[in-house]
Each structure stands twice: as structure tokens, then as C-alpha cells.
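Shown next, in C-alpha cells, is the structure this report addresses.
The values are calculated or read from the model by the stated rules, or taken from the named source; none is laboratory data. What you see is a predicted model; the values in this text were computed from it and never measured. Just the protein is used for accessible areas: all its heavy atoms, side chains included, with ligands, DNA and RNA removed. Shrake-Rupley method; radii C 1.70, N 1.55, O 1.52, S 1.80 Å.
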Amino acid sequence: IAKLEADLRNAKILDEEGLTTEVVHIGAKVKLYDMTFEEELTYKILGKSDLDNGIISDLSPVGSALIGKKVGEIAQVQTPSGAVINLKVLAISK
């Protein structure tokens, strides 16, 4: 119960009507090109991760590196193992 209460206290309601596709933000769906592994990826950025469904947290290394990026920009992400990967933003959608 305490965890649920904490989640509710920290919850943010997103107004998808007011969200833009100009920059990556919480609630955005982002199509990326992983320059390290030469593959395309698509993630939705939310408050909690669910990798099986393509959802990453805005607080994860990838999510936090992407927030504020525009199409064409490259986010450098340091992984927990210390490696650095480069992700190019291909598209941003709601």
C-alpha cells in the first residue's frame, strides 16, 4: 500500500492534446537509430519501464538522455556497464 501511495503522490497527468512532437518528452513515442548496433528501435517514454511493450522510463539512462532531443539529434547514453551508445532520433510522435 505504501508503494502505491508513493506512486500516486509522484504521478503526473499528461495532457496529450498539449504535447508537441518537436522534442522528446514524457508520453512521446520515439523512433531511434542505434548507431552502435545499426538497428532501429521504437520506445514510448513514460514514468515506468515495461520493455516487453516498448516502454522506457524517463529516468532510465536512455530515457533521460532522450528528453529534450529533436529529430536528427544524437543522444549519447552511458550504459550501466560503462559503454557509450549513440541513438539518433528519427521521429517523434504522440
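Before moving on, here are some points about what is shown:
- Over 15 Å [Cα-Cα, segment 39-94], rounded percent: 48
- Rounded to the nearest whole Hz, the Karplus-based 3J(HN,Hα) values (6.51 cos²θ - 1.76 cosθ + 1.60, θ = phi - 60°) of segment 31-38 follow the sequence 9, 10, 10, 7, 6, 6, 9, 6, with x at glycine and proline.
- Going through (i) 34, 34, 20; (ii) 42, 34, 21; (iii) 41, 32, 16, the figure that equals Cα extents along the principal axes in Å as computed for the structure here is (ii).
- Solvent-accessible heavy-atom area per residue, rounded to whole Å², over the chain at 1.4 Å: 68
- Computed over the chain with a Gaussian network model linking Cα atoms closer than 10 Å, the most mobile of Ser57, Ser81, Ser49 is Ser81.
- Integer Hz, Karplus 6.51/-1.76/1.60 couplings in order for segment 89-94, x for Gly and Pro: 7, 9, 7, 10, 9, 7
- Lys48 accessible area, 1.4 Å probe, all protein chains in place, Å² to nearest 10: 110
- Karplus-based coupling profile of segment 46-58, in residue order and whole Hz: 10, x, 10, 8, 8, 4, 4, 10, x, 10, 10, 7, 5, with θ = phi - 60° in 6.51 cos²θ - 1.76 cosθ + 1.60 and x standing for Gly or Pro.
- Taking amide H as placed 1.01 Å from N in the peptide plane, Ile55 has its amide H under 5 Å from the amide H of Lys44, Asp50, each at least 5 places away in sequence or on another chain.
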